[in-house]
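Notes follow the structure.
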Amino acid sequence: MLPNTGKLAGCTVFITGASRGIGKAIALKAAKDGANIVIAAKTAQAHPKLAGTIYSAAEEIKAAGGKALPCVVDVRDEQQISSAVEKAVEKFGGIDILVNNASAISLTNTLETPTKKVDLMMNINTRGTYLTSKACIPYLKKSKIAHILNLSPPLNLNPLWFKQHCAYTIAKYGMSMCVLGMAEEFKGEIAVNALWPKTAIHTAAMDMLGGSGIESQCRKVDIIADAAYCIFKKPKSFTGNFIIDENILKEEGIKNFDVYAITPGHPLLPDFFLDEQPVTVTKKPETHELKEEEAQPPRKPRSGAVEGTFRIVKDSLSDDIVKATQAIYQFELSGEDGGTWFLDLKSKGGNVGYGEPSDRADVVMSMSTDDFVKMFSGKLKPTIAFMSGRLKIKGNMALAIKLEKLMNQMNARL
């Protein structure tokens, strides 16, 4: 891993969302140099499912060799941002680096994203980044270091990244557009850059999105902290860049990336918005519309792996599973033994079958028959299939995650 050089000693780093995860990792890296860290985050009291508060993070920062100022900040509240900036300047004399890390995520399509969730993502990701930057800029202008770093992706306009979660993509790209605009606006005064991971990073948020077992396909937060540290050491002239963590660390001479893996040697999950991996992401689907008279009649199911899988699923069903799930799933499968299939976990005892369900499906999943069989037998994680574009989901994402948990229970039999 990248060694500390002591270059951030005495610098003041203002980090949003620094009570846990990536924000805290960046804070601890800077603290080892003796930096002052402003922990601007919402969590003042312990969350039942997520470890870490601004106060526990402050203790860790002090133990690492830094100074800490915990501030309760919801980046949706301009007054709370201003108050934290004033406290930081009063305590430490200025602000040298701003890290816009606070973010909200909902991987849901347009019709399934409640307005409340849309507002949450827009207000935290885009507006929160903009307002926090605006509040810190007058002080950053006075700094010799002067960096703004947004944890946001390169602006990739491949429609694939908009199709499944349009609101999230817009909100995240808003952070990246702040980099584009502010880098140009404050050229020569403040370096403004974006940092994004090449692979999924293991955080509490990833656990909630991907479920148990996802960590083996992720890297540690340390890789982002090391990449951010590389950026902070660069001059103000290094600005307007969309940096991928692995790329900048390779430039620093890092060759062994296994040290960053949760499970060294295990295949890693590519992150959103990058077309490099896997190949299926860059392949745009062919569009071929059938005229009404050309429409093909529905295929009859043949005996095969899909039918066999559904037979085992049916044998595994119970009233308890139905009661715990309360959802109807429809599968649009392409390839051998494909077609439309359903899994009804609303009706008493549950049911499976070929064709469309009698009631409207809560979740529609589209994939190849090969991937379907792999998914139900535990050889392919639904999260990997979804993030790589091999699985398309329409409908209620929370119910889709419920199905993944159900699959884990069935894997032993499939």
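Observations
- Largest GNM mean-square fluctuation across Ser82, Ser347, Ser152, computed for the chain with C-alpha springs under 10 Å, falls on Ser347.
- Normalised per residue, the accessible area of the range 308-377 is 45 Å², obtained with a 1.4 Å probe and no contribution from ligands, DNA or RNA.
- His202 exposes around 50 Å² of accessible area when a 1.4 Å probe is run over every protein chain in place.
- Comparing Gly355, Gly253, Gly128 in a Gaussian network model of the chain, where Cα atoms under 10 Å apart are tied by springs, the biggest mean-square fluctuation is seen for Gly253.
- Accessible carbon and sulfur surface of the chain relative to its total accessible area, %, 1.4 Å: 52 percent
- Isotropically averaged projected area of the range 50-134, using the convex hull of Cα atoms (one quarter of hull area), nm²: 6.8 nm²
- Tilt relative to the chain, helix 21-31 - C-alpha long axis, 0 to 90 degrees, to 10: 20 degrees
- Scoring 321-333, 168-180 by mean Cβ neighbours within 10 Å over their residues and listing the highest first yields 168-180, 321-333.
- Cβ-based net charge around Thr239, under 13 Å, with every Lys or Arg adding one and every Asp or Glu removing one: 0
- Å² per residue, accessible surface of the range 79-187 at 1.4 Å: 44 Å²
- DSSP beta bridge pairing in the chain, given as percent antiparallel to the nearest 5: 35 percent
- Among 34-45, 14-25, the peptide with the highest mean count of other Cβ atoms within 10 Å heads the list, and the full ranking is 14-25, 34-45.
- 39 Å tail of the calculated P(r), the chain, as % of Cα pairs: 26 percent
- You can think of it this way: the chain between Tyr55 and Ser216 has 55.0 nm of extra reach, that is 0.36 nm per residue less the Cα-Cα gap.
- Compactness of the range 101-214 was expressed as the Cα radius of gyration divided by 2.2 N^0.38 Å, which yields 1.16.
- The chain: angle of helix 128-140 to the longest principal axis, Cα-based, in degrees nearest 10: 20 degrees
- Gaussian network model of the chain, Cα within-10 Å springs - most flexible of Ile97, Ile254, Ile81: Ile254
- Helix axis angle, 305-316 relative to the chain longest principal axis, alpha carbon, degrees: 90 degrees
- Dipole-positive endmost among Ala57, Cys178, Ala385 within the chain (Cβ charges, Cα centre): Ala57
- Value of Rg to Rh for the range 1-90 (Rh from inverse mean 1/r over Cα pairs, i.e. Kirkwood): 0.97
- In a simple Cβ point-charge model (Lys, Arg +1; Asp, Glu -1; nothing else charged), the chain has a dipole of about 920 debye relative to its Cα centre.
- In the chain, the calculated helix contribution to ellipticity at 222 nm averages -11000 deg cm²/dmol per residue, counting -39,500 (n - 2.57) for every DSSP H run with n ≥ 4.
- Between Asn241 and Ala194, the built amide H atoms are under 5 Å apart, and every one of these is 5 or more places off in sequence or on another chain.
- Spatial separation of Cα centroids for the range 82-129 and the range 1-42, in angstrom: 18 Å
- Bins of 10 Å, starting at 0 and running to the largest distance - Cα pair percent for the range 312-414: 16, 54, 30, 1
- In terms of distances greater than 24 angstrom between alpha carbons, the cross-link table entries Lys24/Lys234; Lys42/Lys187; Lys42/Lys91; Lys7/Lys172; Lys198/Lys381; Lys117/Lys163 yield Lys42/Lys187; Lys7/Lys172.
- Dipole check for the range 139-251: with +1 at the C-beta of Lys and Arg, -1 at the C-beta of Asp and Glu, and the Cα centre as origin, the magnitude is about 340 Debye.
The values are calculated or read from the model by the stated rules, or taken from the named source; none is laboratory data. For clarity, every value in this text was computed on a predicted model and none was experimentally measured. Glycine also receives a Cβ, built like all others from the backbone with ideal geometry; neighbour counts cover every protein chain displayed. For the accessible areas, the whole protein counts, side chains as well, though only heavy atoms, and no ligand, DNA or RNA atoms are used. Shrake-Rupley method; radii C 1.70, N 1.55, O 1.52, S 1.80 Å.
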